[in-house]
Amino acid sequence: MAEPNIIRVIEPKGEVSDLIDYIANNFVMKEVGFGYTACQPSLCEIDLNDKNVNSIKFGLDHTYVDADGLVKGYGIIGNLFISTSEDPNKTELYYITPKSELDKSIQYIHENNIRAQSRPKGKY
């Protein structure tokens, strides 16, 4: 499945509830595994199979916890689009960047000696 086209950005920045954050990061763990954090949410209208729907778009940051317990990240290397439902049983996964594409970005990061940067505690 191709990444959906964004028709318009309704809210370019914002916060999501703890429940939506939990749901989003569960999708990430189930679909592509550990080492990624769903962050920087925005509310968008997307074209989904010729139907316009509202979606929460997250960036996928390649992250890890260092020896001191601090979260570090390399930057946004993919995207996640989910429905706006706060019901975990009704929240739909519309799109997530495939693991193969994420792996290519991680390889680029390592080959080019890109350094990780500290990430804020909590949602970002």
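Only the coordinates and a few stated rules stand behind these numbers; no lab work does. Note that the coordinates shown come from a computational prediction; the quantities given were computed from them, not determined experimentally. Here the Cβ is made from the backbone with ideal geometry for all residues, glycine too, and neighbour counts use every protein chain on show.
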Checklist outcome for this item: Taking the range 65-88 and the residues there that are closer than 15 Å to ASN25 by Cα and assigned to a loop (DSSP other than H, G, I, E, B), the one that is farthest from the chain's Cα centre (by Cα) would be ASP87
Checklist entry - closer than 22 Å to SER118 by Cβ, in contact with an Asp or Glu (Cβ under 7 Å, 6 or more places away or on another chain) and among the charged types (D, E, K, R) - does that describe any residue in the range 48-64? => result no
Item to check | Residues of the range 89-98 classified as surrounded by 14 or more Cβ atoms within 10 Å (Cβ to Cβ) and either under 14 Å from the mean Cα position of the chain (by Cα) or farther than 18 Å from PHE58 by Cβ (or both), total | outcome: 6
Checklist entry - Can you tell me which residue in the range 10-34 is farthest from PHE58 (Cα to Cα), limited to those that are in a loop (DSSP other than H, G, I, E, B) and without any contact (Cβ under 8 Å) to a residue 60 or more places away in the chain? => result PHE34
